[in-house]
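Below is one structure, written out as structure tokens; comments come after it.
The values are calculated or read from the model by the stated rules, or taken from the named source; none is laboratory data. Values in this document were obtained by computation on a predicted structure and should not be read as measured data. Because the Cβ atoms are built from the backbone with ideal geometry, glycine has one as well, and the counts that use them run over all protein chains shown. Please note that ligands, DNA and RNA were not included when accessible areas were found on the heavy atoms of the full protein model with its side chains. Shrake-Rupley method; radii C 1.70, N 1.55, O 1.52, S 1.80 Å.
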Amino acid sequence: MVHIATGSEFVLIACVFKVAKPYTDVCVFNGRLIAVDSTGRTVAVGPDLSLDLVAEAVFGGDTKTLVESDGELLLVDKYLKPCMNGTVSFEGQGVYEVRMIESAARLIVFRLDEKEKKWVELTNLGDRVLFLGEECAFSLSASDLGMENGNCVIFIDHVHHIYRSTELGISVFCLDKCQISPLSDFPCCSKLFWPPPQWVGLC
């Protein structure tokens, strides 16, 4: 659910407008508050709580995140898959304990076409690196970070930390390979995360 401030009060915009799908992420883009729902339908919220359509829905993924990148508005659509983490205890009843978590299966990145009011799939981010953290998302230049290449999304993905305790629970999605790998596979990136920055949520 998303709340916005109106004077001294916060209003739940999903309830005020009785929308079918709740808004799952917000950001400020070109001075406007932008909200996206679980289908990818995106709106701009006015000072009077009016809603203007920014982009039609893009169905498919499970979670959608807005990111401003080098003057453009991007949408990261994350597809999730269930993963099982289980341990067997041979003491007492010998109970098999299972914990289910969701892990990223793939990501699709879209760019907003403001004129056509639609999301257009991107296959190359150029020098940009997208970061999806706990309750935040932003973009930086790979060259400014001292990285050899950009064109990737670095995001929280706890599945690697569960299977390997030495992992920080961060994954890297490379758009050119359409592949998700643990952060430890990218030594040039790993140094950015030790000690863990606050946005990662591990501090």
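Report, by residue number, each residue of region 124-142 that is open to solvent by 40 Å² or more (accessible area, probe 1.4 Å) and modelled with pLDDT under 90.
Once the filter is applied, which keeps residues that are open to solvent by 40 Å² or more (accessible area, probe 1.4 Å) and modelled with pLDDT under 90, region 124-142 yields E134, E135, C136.
Applying the selection to region 22-40, what residues are open to solvent by 50 Å² or more (accessible area, probe 1.4 Å) and touching a Lys or Arg at 6+ places or on another chain (Cβ under 7 Å)?
Once the filter is applied, which keeps residues that are open to solvent by 50 Å² or more (accessible area, probe 1.4 Å) and touching a Lys or Arg at 6+ places or on another chain (Cβ under 7 Å), region 22-40 yields only T24.
Among the residues of region 162-178, write down those that are modelled with pLDDT of 90 or more and touching a strand residue (DSSP E or B) at 6+ places or on another chain (Cβ under 8 Å).
V172, F173, C174, L175, C178, listed by residue number.
Would you say E121 is among the charged types (D, E, K, R), open to solvent by 20 Å² or more (accessible area, probe 1.4 Å), modelled with pLDDT of 85 or more and under 19 Å from D62 (Cα atoms)?
Spelling it out, E121 is indeed among the charged types (D, E, K, R), open to solvent by 20 Å² or more (accessible area, probe 1.4 Å), modelled with pLDDT of 85 or more and under 19 Å from D62 (Cα atoms).
So which pairs qualify, if the first residue must be in region 44-70 and within 27 Å of A105 (Cα to Cα) and in contact (Cβ under 8 Å) with a residue 12 or more places away in the chain, the second must be open to solvent by less than 80 Å² (accessible area, probe 1.4 Å) and of a type in the set (G, A, S), the Cβ gap must be under 6 Å, and the two must be at least 6 apart or on different chains?
Note: pairs meeting the criteria are A57/G40; V58/G40; K64/G40; T65/A137; V67/A137; V67/S139; S69/S139.
So which residues in region 60-118 are modelled with pLDDT of 95 or more and among the hydrophobic types (A, V, I, L, M, F, W, C), if there are any at all?
Scanning region 60-118 gives L66, V67, L73, L74, L75, V76, L107, I108, V109, F110, L112.
Could we say that V159 is among the aliphatic types (A, V, I, L, M), at pLDDT below 90 and buried (at least 16 other Cβ atoms within 10 Å of the Cβ) here?
Taking the combined requirement at face value, the residue satisfies it.
For region 130-159, enumerate the residues that are touching a Ser or Thr at 6+ places or on another chain (Cβ under 7 Å) and of a type in the set (V, I, T).
Selection gives V159 alone.
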